[in-house]
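To keep things clear, I will list the structure first and then write my remarks on it.
Every read-out reported here was derived from the displayed coordinates using simple, explicitly stated rules and does not represent laboratory data. Note that the structure is a prediction, hence the values are computed from the model and not measured. In this analysis, Cβ positions are derived from the backbone assuming ideal geometry, glycine residues included, and neighbour counts consider all displayed protein chains.
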Amino acid sequence: MKNNKLLHIVLCLFACSQLVAQEVSADSIKKLNTKAFYLARSYSFGKALSYSYLAIQHATRNEDDASLAQSYNVLGDTYSKMQYRNKARKYYEKALKIQQELDNKHEIVLSYHNLSNISKNEKEYKKAYQYLQKGYKIAEASGNMEDVLVMDWVKIVLLQEENNYEELLLFLDEMMVRVKNIKSEKMMYTVRINYLEYTKGDAYYHLRDFEKAQNFLEKHTTNEYVHVSDLAKSYKQLAEIYKTKGEVDKQRMAQLNYQENLKKKLDEDQDLVQKELLANYNLRKDQLQLDELGEERNFQKSVSMNQFKAILVIIILLLIGCIILGTLIIKTIYKKIKSNKLLRLKHNKLEEAKLKAEMTSKTKSNFFSMMSHELRTPLYAVTGITHLLLEENPKPSQQQYLKSLKFSGDHLLSLVNNILQANKLEDNTITIGASTFNLKANIDNIVKSFDLLIKDRENELNIAYDKEIPELLVGDSLKISQILINLISNAIKFTKGGTIRLSVEKVEETLGDVQLHFCVQDTGIGIAKERQETVFEMFSQNHEAINEEYQGSGLGLSIVKKLLEVYNSDIYLESRENVGTTFTFDIRFPKAMEGVEMNIEVHLDDVDFSQLKMLVVDDNKINQMLTKKILSTKKITTDIVASGAEAIEIVKHNQYDVILMDIHMPEMDGYEATIAIRKFNKEVPIIAFTAVSLDDSLPKIVNSGMNDMILKPFVAEQLFALIQKYMK
């Protein structure tokens, strides 16, 4: 019961304090100014001044500069409508000074608008233009086109006052564009356009171009949202135009409409003035002198009263604070206990979410590993059988079909590789290898691989390789090849009957490393400027039509960019439509140590493989047949088994020169079989024969005891080169 009474007291005192605050709040002052503004528009000047004075009192007492500036502006508007222009200027200048201190650009623009208008009414055109230029400067700095329009309306009136109608017409065209570019409500847009068209008609009328004036003025008389006085003026000018043309009926009708609208305007003005007179308001000079009204005395009384109220509220609140302090302490302790409990719950949820994320990541990795195997295995059959058929001297009529089949298989393999590569780059699981390689040889091999495609597209591929580049470098030759293959492939795809140029230049060389500049340039269709920022995004296409004509997954450039990021490098693009495209990037390579030698390249045709005996371990029947057929082209004796367990048994009883070991097999996989074989045979070279990507399987391959790996599908020469590497 006591607690309920205490709550009622607190609520009552809080309501009292809010009532005091409302009396002087910024919202209350804004309402007073709004009321004063509309009263002045309806000629109720006495009431408007009263509301403005009250607003100024509250704003001064609150030390609310923004509200005070607004109040001065409204008071200036009222005096301006009353034709007391000096007083209007005084309060506009007061408002401007405060707004400049507050750096309120919109309000500053409004003040310059008002001051320019006052100067114009006083025929002080030079001063009016000075205010106009200052207003434009602030409006343009604000970047708000509505502020620019505020000054535009003043400029229209100034040009009309000076009878400078030719310049006015040019300015109206400029304003018309500005109004159309500004997003505004439909009614506001219509009002603005109607007024600009009416002003055009008036300008043409004064320039005696009656044909154009008639078009705009007649349109104005049929428009919505037009002012009565403007409508009357339009009819008056139309009557004069019809008179010069001898159109008597139209002249008479225009004069009647003019008189009718003029009467409406006079009636409205009379009603407003009569209301002000009935209010028995007598404007005395001392009411027009705000500084002489005893303003300070009223302010002091108001401030004293509010200070007393404030002190009373503070004392009461202090008493309430003492009463509820104990309650707050108890609540704080309770909240702390509750907070600790919530923190424990959140921690448990975060741990659970982390575990789920790790499981999801692992599941995703396993999924892509499985998909890699499932996609590459049939592709191995397609590309391998196609290769064998091409090697067996097919009929000329069959060659084109086989070449198309080989091209489609290679294209599908490239797409699969890109999708899997993109996934790894997204997961940040790509690492840069470090081995000694010959960059020039790598580039030559890449260029050879594009011979057929370049010929098909009727292109010319030129290579410019700096002879000062060291012969041997240290890096990941596979990643470099991926970057160059994607860029060159892209250039060939989007160039028909043109030139592609690859250049590699030495930029800088130190004792330990060398920085190289790569440039891939084509004379193809180019990339539109608006699409250049998105071209490196995944699945981005140059153009929808291009996607249909040239095809592609939209992954190549995304992969290039991400691979270069692993190298701490950026790629730069320059392109013009129908001129061509240039990609450039820099990579810093460590130089190979002295004494390191590359393997001497041996022509496979000169190697005798006929003495070799090999074991192929693969559970896929097609792969078994295909691999055996490929090996038989070099007269290699081959045994085939379908599982890891069979491989262990047959190796125990036979001597093999090389073993090709598939990784994914049922019951016992290639890793387990290799570990078991290494327990009794550590010499035989075991080559992983897998459709799983190198980044996924390399650590397990090395740890299981395998010597090397080859990725399915492969080119036959790659397999024989690897076998030759391990021949005794």
| field | Among 45-52, 509-516, 94-101, the order from most to least packed when residues are scored by Cβ within 10 Å on average | value | 45-52, 94-101, 509-516
| request: Please sort 177-188, 653-664, 78-89 by packing, taking for each peptide the average over its residues of neighbouring beta carbons within 10 angstrom, highest first. | output: 653-664, 78-89, 177-188
| message | Longer than 31 Å from Cα to Cα, which of Lys506/Lys700; Lys120/Lys250; Lys155/Lys529; Lys562/Lys712; Lys440/Lys628; Lys30/Lys120 are they? Say none if no pair is. | response | Lys506/Lys700; Lys120/Lys250; Lys155/Lys529; Lys440/Lys628
| query | Taking a ≥ b ≥ c as the square roots of the eigenvalues of the Cα gyration tensor of the stretch 188-275, is the shape rounded (a/c under 1.5), prolate (a/b larger than b/c) or oblate? | reply | oblate
| remark: By the mean-Cβ-within-10 Å protection proxy, highest first, 561-567, 66-72 rank as 66-72, 561-567
| said: Less than 14 Å Cβ to Cβ from Arg344, Lys/Arg counted +1 and Asp/Glu -1: what total charge do the surrounding residues give? | reply: +3
| note | Charge dipole of the stretch 430-590 built from unit charges on the beta carbon (Lys, Arg +1; Asp, Glu -1), centred at mean Cα; most positive-end Cα among Phe494, Ala528, Ile587 is Phe494
| field | Charge dipole (the stretch 604-725, unit charges on Cβ, about Cα centre) - positive-most of Ile677, Pro713, Leu698 | value | Ile677
| Size of charge dipole - the stretch 604-725 - debye, nearest 20, with Cβ of Lys, Arg +1 and Asp, Glu -1, no other charges | 220 debye
